[in-house]
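Below: the structure, in structure tokens.
The values are calculated or read from the model by the stated rules, or taken from the named source; none is laboratory data. Here the structure is a predicted model, which is why all the values come from computation and not from measurement. Heads up, the Cβs are rebuilt from the backbone with ideal geometry, glycines too, and the neighbour counts pull from every protein chain shown.
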Amino acid sequence: MEGGSGPGEGSQRGASDEVLLSGVFSLVPALKTDYALSLTRGAELLMCRQGAAPDSPAARLLLSDCIGCYAFQSKGQQQQQQHPAAAYFTVFCYPLKKGWWDSGEARHRVAKTFRVLASQEAEENRAVAETWASKIRELSAPRIPKLEGAVYGHLPWPCQVMVLLNPHSGAGQALHLFKTQVQPMLTEANIAFSMFITEKHRHAWELVREENLSRWDALVTMAGDGLLYEVINGLMERPDWETAIQKPLCILPAGSGNAIAASLNYYAAKICLLKEELLMSCTYFLCKGLHAPMDLVSLRTASGKRLFSFLSFSWGFVSDVDITSERYRKLGRARFTLGTLQLLTTLHVYKGRLSYLPAEEPSSMSSQGEHSRLSAQNAKQVSLCNGKPVPSHPQQGCALEDPLLVPFDQPLPKDWMVVPEEEFVSIVCIYQSHLGTDLLLAPQAKLYNDAIHLFYMTAGVSRMGMIKFFMALEKGAHLTLNCPYLHYVPVKAFRLEPFTLKGDMTVDGEVLACEPVQGQIHRRISHIITGS
Ligand code: ADP
Ligand code: MG
């Protein structure tokens, strides 16, 4: 017997237990069992099987895991003939569940459809189903964290997003993964999308530079980190960059380098997921629609380039792995392991001068920053490259000022530090936790903590030392190795002046020809779809 529903009686228990709606419905497709459903103010959907022992526990769906719910009238021809007045509602949840093969938790889909047959009138049943669906959606809205100075928000419902997809990302599966994994979830969450498949390098950059952004509630990239980098730089090149960069961005990982997706997942659940599980988690974030502020780093090169980076800037071993492993792209993320092993056979030394503005006062810095007490003996020097002063080129692009940086042909400000060593194996500036899907370089990082995490490995480290470093990175335990060549210091700005201009650097995994580069953090200027 299926009963109607209505506003629930106020509960004697805590406010979150208060029942907002209750009713008896049949579970589809079997339709053999009736369930007494209650929807509580605490956003739980409790399901008690009719006829079960009174003390048997109710099954629960937490609406914090729910991405959508909708009501409809028809459920197949047979049902329609038998019960023409019936209406239905389906709730879509993605709770976390432990995998059977390891101890990690990942999201999995639970969809429940209930039949409403309280009345002989189709209209009345439909109204009940609509009431349930809209209340479930309302209670599923993400809780917006209230943190000082950080403006979180959530996407409207329903919403319309622009999807930029790189068909060559990673192992070339992005389009297939979108159709099979992402699209069904977007439908469940009532997110409409228009797909733009990129046709060449910098295509996404050009598209968003010209796009009418008022058409979209969010810009979504389905690719590796490189496509999001293009979108951010396209937005920052617009005349209206100040408002354009506030458009919520979203990454659906389908590349070989999915560091920002791994970081977002790590911030939300402190777990590392790979491949499809990581993709499902990020699609779930998009369906929930919560967005948070994210820091960006403004980079300026001696030749006058102006770039914006959300993830990392690297030079030396780490960037060479990224670049040389490009030819193994079809292997997906395994390309980085292969590239690392290959480059370990010839461990190069890269010469240059590294300077930075510490994030904290030198006196309060940890032992990892000990070198910085050596102070900036040569801070008065101007930049040299190939033994010649670096001329100051006019800067291109966006009008956002970098108050912490001075032109390359001027001496560094007094509060900057210069690293005494000038021979490096690798230098990485990272502003999110992960450098790759399973490379936890900066466990202390957050989406917005107004700091660049500067890591550098000085020359002298052995191959075995490098192997140990990379093995420890998986768990973020590299600093506990106490490797004397590995240095870490949180900074607000940095300058790197390579002594020769051979080779390349990388910004967010994208290639940048080697030249003097400096950068500073900009607090919370962009917004990204995130977990809680
Ligand atoms: P991955 O993680 O596999 O490196 P990315 O999304 O980072 O994937 O993209 C890698 C590069 O592919 C970026 O430089 C981007 O500009 C470029 N790109 C985007 N679309 C295309 C295309 N259709 N053909 C070739 N390159 C493309
Ligand atoms: Mg990439």
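Key figures
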item: So A218, is it within 19 Å of C287 (Cα to Cα), crowded, with 21+ Cβ neighbours inside 10 Å, out of contact with any helix residue (DSSP H, G or I) (no Cβ under 6 Å at 6 or more places or on another chain) and not β-branched (V, I, T); result: yes
item: Those residues of the stretch 143-176 which are modelled with pLDDT of 95 or more and touching a helix residue (DSSP H, G or I) at 6+ places or on another chain (Cβ under 6 Å), in sequence order; result: L164, L165, N166, P167
item: Wholly enclosed strands (runs of 3 or more DSSP E) of the stretch 150-239 bearing at least 1 residues hydroxyl-bearing (S, T, Y) and within 16 Å of ligand 2 (Cβ to nearest atom); result: 218-223
item: Top-ranked residue of the stretch 240-267 - restricted to ones that are of a type in the set (A, V, I, L, M) and more than 20 Å from H154 (Cα to Cα), ranked as farthest from ligand 2 (Cβ to nearest atom); result: A262
item: Output for the stretch 263-282, where each listed residue is under 17 Å from G476 (Cα atoms) and either modelled with pLDDT under 95 or out of contact with any His (no Cβ under 8 Å at 6 or more places or on another chain) (or both); result: L264, N265, Y266, Y267, A268, A269, K270, I271, C272, L273, L274
item: Qualifying residues in the stretch 23-40 (those that are without any contact (Cβ under 8 Å) to a residue 60 or more places away in the chain and surrounded by fewer than 19 Cβ atoms within 10 Å (Cβ to Cβ)) - the one farthest from the chain's Cα centre (by Cα); result: K32
item: Some residue of the stretch 322-334 being surrounded by fewer than 22 Cβ atoms within 10 Å (Cβ to Cβ), modelled with pLDDT of 95 or more and more than 20 Å from K502 (Cα to Cα); result: no
item: Residue selected from the stretch 240-272 under the condition surrounded by fewer than 24 Cβ atoms within 10 Å (Cβ to Cβ) and not in a helix (DSSP H, G or I), by the criterion nearest to the chain's Cα centre (by Cα); result: L249
item: Among (1) under 21 Å from the mean Cα position of the chain (by Cα); (2) assigned to a loop (DSSP other than H, G, I, E, B), the one test that G460 misses; result: (1)
item: Matching residues in the stretch 313-351 - criterion: being assigned to a helix (DSSP H, G or I), within 14 Å of ligand 2 (Cβ to nearest atom) and of a type in the set (S, T, N, Q); result: S319, T324, S325
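Conditions tested, residue by residue: (1) within 24 Å of A268 (Cα to Cα); (2) out of contact with any helix residue (DSSP H, G or I) (no Cβ under 9 Å at 6 or more places or on another chain); (3) not assigned by TED's automatic domain parsing to the domain that holds I323.
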site	(1), (2), (3)
I452	yes, yes, no
G460	no, yes, no
K468	no, no, no
L473	yes, yes, no
Y488	no, no, no
